[in-house]
Amino acid sequence: MYVPQHFSESDTSKLQQTIRDYGLGLLIVADNAGIEANHVPFHLCCDQGNELGTLQCHVARSNPVWQRLQAGASALVVFQGPDAYVSPSWYPSKAENGRAVPTWNYLAVHAEGSVRVIEDAGWLKQHVRNLTNQHESGRLNPWSVDDAPTDYTERMLQAVVGLEISIQKLTGKLKASQNQPERNKVGVIAGLSAEHPMAKLIS
């Protein structure tokens with residue numbers, strides 16, 4: 001990913017929080033068989049001795065991607081945060097000199113690392129619990145894995161394979177009008193409306 005210095009986000013804790021907030025990642029694998037991308041929900045673990053963290057997910061056993069990764073291949077996972085089209089008409093400077101073009105603001109995190117394929121039933125069950133609890137917490141009536149019959153969940157777990165990615169490189173890009181003068185930033189926030197997720201990232 002091309003990251004100009006003024007759009008670079010290098011705070012690891014912020015990048016990790018983005019992964020937690022926007023956990024549906026794009027898992028990209030490239031090898032001699034070609035390039036493949038799968039949209040997969042991830043759980044980020046930061047307690048396994050890796051400062052950058054470990055990504056855990058599962059895919060259908062019928063999905064051949066896990067077999068392509070079985071030899072310990074590397075993978076790239078892309079997480080996309082808020083994004084928004086930015087109109088030049090929102091810039092006060094445009095009315096003065098006309099020198100303005102449209103652009104797109106966005107937040108993206110790329111995680112690269114080696115992949116371990118996991119078929120252990122105990123690991124898979126705990127992973128599914130962690131992933132479920134992450135998204136159910138805070139709900140009025142949170143669903144639990146234990147709400148489903150045990151024999152049913154066991155059959156479901158037999159139909160999936162786990163993937164664990166030890167993050168070796170974490171790259172973040174926040175394009176939020178940092179290259180604009182303050183008055184243009186204010187114009188973008190007004191144009192988006194102050195409640196827009198991207199507007200809240202403009203400072």
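Every read-out reported here was derived from the displayed coordinates using simple, explicitly stated rules and does not represent laboratory data. Since this is a predicted model, take the numbers as computed values, not measurements. Because the Cβ atoms are built from the backbone with ideal geometry, glycine has one as well, and the counts that use them run over all protein chains shown.
Please label the shape of the range 134-202 as rounded, prolate or oblate, based on the square roots a ≥ b ≥ c of the eigenvalues of the alpha-carbon gyration tensor (a/c under 1.5 means rounded; beyond that, a/b larger than b/c means prolate, else oblate). Judged from the Cα gyration tensor, the range 134-202 comes out oblate (a/c at least 1.5, b/c at or above a/b).
Just to confirm the filter: which chymotrypsin sites (Phe, Trp or Tyr not before Pro) across the range 1-30 are DSSP coil and have at most 10 other Cβ within 10 angstrom of their Cβ?
Within the range 1-30, the qualifying chymotrypsin sites (Phe, Trp or Tyr not before Pro) (loop, at most 10 other Cβ atoms within 10 Å) are Y2.
Suppose we look only past 32 Å in the calculated P(r) of the chain. What percent of the Cα-Cα pairs does that tail hold? Cα-Cα pairs of the chain separated by over 32 Å account for 31 percent.
With helices as the sole contributors, the chain gives -8000 deg cm²/dmol at 222 nm; each DSSP H run of n ≥ 4 counts as -39500 (n - 2.57), and the sum is divided by every residue. Considering only A95, A37, A111, the mean-square fluctuation computed in a Gaussian network model of the chain, springs between alpha carbons under 10 angstrom, is largest for A95. Computed with the Debye formula from one identical point scatterer per Cα of the range 10-128, without solvent, the log10 of I(q)/I(0) at q = 0.13, 0.22 Å⁻¹ comes to -0.63, -1.31. Where does the charge balance sit around V3 when Lys and Arg score +1, Asp and Glu -1, over other residues with C-beta under 15 Å from its C-beta? Combined, the nearby Lys, Arg, Asp and Glu give +1. With neighbours defined as other Cβ atoms within 10 Å of a residue's Cβ, the residues Y152, Y85 order from fewest to most as Y152, Y85.
This model, with +1 at the C-beta of Lys and Arg and -1 at the C-beta of Asp and Glu, gives the range 46-153 a dipole about its Cα centre of some 380 debye. What is the count of Lys pairs in the chain whose alpha carbons sit under 14 Å apart, if the two are 8 or more places apart or on different chains? For the chain, the number of qualifying lysine pairs is 5. Among the trypsin sites (Lys or Arg not before Pro) within the range 89-166, those in coil by DSSP and having at most 13 neighbouring Cβ atoms inside 10 Å are R99, R139.
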